[in-house]
Amino acid sequence: MKTRTREMTLTALLAAILAVLGMFKLPSILPGCEFQLSAPFAVCIAGCFGFKRYIRIGILASVINLILSTHTIVNVTIAMIFRLVAGGILAVFGVNPLTIILSGPLGTAAGRIVLGAISGTDPLVLTAAAVPGMVFTAVSASVMYPMMKRLACREASVLRRP
């Protein structure tokens with residue numbers, strides 16, 4: 001029972017952090033080139049906690065953002081595409097430095113392609129505008145992942161204690 005409570009608490013905490021980070025976008029000099037802080041954090045969650053738990057955390061974060069009206073259904077759709085692609089890459093190809101670096105930008109590109117289809121905008125233009133954010137995500141995730149992995153291992157050892 002104690003382990004289940006800790007798992008639920010950690011899931012809720014990570015979902016809340018992901019939701020808050022998803023609300024903020026770092027501005028860029030060029031319009032449309034801003035990027036969310038949630039992308040590298042999301043990649044690290046997927047790498048540290050696995051695809052299933054990451055998707056649960058992502059769904060909870062999306063529900064939080066919908067309830068708070070900080071995201072629309074379109075925002076949530078794009079976020080879920082990002083999560084499926086980025087988390088899927090890590091699930092299928094394993095967690096290693098290359099997949100940590102590539103999963104976020106590929107998830108972003110997939111999200112921009114879907115956004116282009118939804119909005120009737122050229123996906124190449126949307127993806128080109130996202131390149132600075134993709135670079136930020138790749139670099140940030142590769143820096144954040146080792147630290148988050150250490151914390152995840154520590155949490156896992158706490159969960160195993162009787």
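Listing for the model above:
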quantity	calculated
Cα long-axis angle, helix 2-23 against the chain (0 to 90 degrees, to the nearest 10)	20
Helix 73-93 axis, angle to the chain major axis (alpha carbon atoms, nearest 10°)	60
Note, ³J(HN,Hα) from phi for region 133-143, Karplus 6.51, -1.76, 1.60, rounded to Hz, x at Gly and Pro	x, 5, 5, 4, 4, 4, 5, 5, 5, 5, 7
Built amide H within the under 5 Å cut-off of residue 35, gap 5+	26
Rounded percent of accessible protein surface that carbon and sulfur make up, region 1-122, 1.4 Å probe	73
Contact order normalised by residue count of region 19-143, Cα under 8 Å, 6+ apart, percent	28
Cross-link reach list, lysines versus residue 2, counting only Cα pairs under 29 Å and skipping chain neighbours closer than eight places	52, 149
Cα-based helix-to-principal-axis angle, 38-49 vs the chain, degrees rounded to 10	30
Average accessible area per residue (Å²) across the chain - probe 1.4 Å, nucleic acids and ligands excluded	55
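The values are calculated or read from the model by the stated rules, or taken from the named source; none is laboratory data. Bear in mind the structure is a predicted one, so any value in this text is a computation, not a measurement. Heads up: the accessible areas ignore ligands, DNA and RNA and are worked out on the full protein's heavy atoms, side chains in. Shrake-Rupley method; radii C 1.70, N 1.55, O 1.52, S 1.80 Å.
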